[in-house]
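Contents: one structure, followed by commentary.
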Amino acid sequence: MGELPTFRLKMAKDRKSDGPKVEVRNANQPGWVGKVDAAKYEAMRAAVIRVLPRNAPGLTQTELRNKVVFHLPNEHFPQGEKADWWAKCVQLDLEAKGVLIRERDARPLRWHRS
């Protein structure tokens, strides 16, 4: 296919964070491990924990996304940028670690803290 032009390589490189990373898991893919920006993860984790109730009924994915944006620092999520992806990433990680519980009988799916 050939090499990417220099400007495209720079753009791709700029998207990656050079800061500390944290490992994340995926409740839908047991055994999978990824690494993401630690500061953004911690900011989103705090927001998710803050908005999710301890008991059923929990929140749907849409409700979770709509609520966390009000608890995110602007330095990591300016105007809620990429909050949807990060909310899902953190939700799957916390679910895999047993911090969140998926209410399997609920439609649409709902989550609450364990």
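Numbers at a glance
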| item | result |
| --- | --- |
| Qualifying residue in segment 41-49 (condition: among the basic types (K, R), at pLDDT 95 or above and either closer than 29 Å to D18 by Cβ or not in a helix (DSSP H, G or I) (or both)) | yes |
| Residues of segment 78-114 classified as part of a loop (DSSP other than H, G, I, E, B) and surrounded by 15 or more Cβ atoms within 10 Å (Cβ to Cβ), total | 1 |
| Lone unmet requirement of (1) surrounded by fewer than 16 Cβ atoms within 10 Å (Cβ to Cβ); (2) over 18 Å from E81 (Cα atoms); (3) at pLDDT 90 or above for D18 | (3) |
| Cross-chain or 6+ apart pairs with Cβ under 9 Å, segment 52-65 first and loosely packed, with under 15 Cβ neighbours inside 10 Å, then assigned to a loop (DSSP other than H, G, I, E, B) | R54/S114; A56/A106; P57/A106; T62/P108 |
| Residues being in a loop (DSSP other than H, G, I, E, B) and among the acidic types (D, E) - total across segment 50-77 | 1 |
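Residue-wise test of (1) more than 14 Å from the chain's Cα centre (by Cα); (2) closer than 18 Å to N28 by Cα.
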position: A39; (1), (2): no, no
position: G58; (1), (2): yes, no
position: V68; (1), (2): no, no
position: P78; (1), (2): yes, no
position: K82; (1), (2): no, no
position: Q91; (1), (2): no, yes
position: L100; (1), (2): no, yes
position: L109; (1), (2): yes, yes
position: R113; (1), (2): yes, yes
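The values are calculated or read from the model by the stated rules, or taken from the named source; none is laboratory data. Predicted, not measured: the structure shown is a model, and the values here were computed from it. Please note: Cβ atoms are built from the backbone with ideal geometry, for glycine as well, and neighbour counts cover all protein chains shown.
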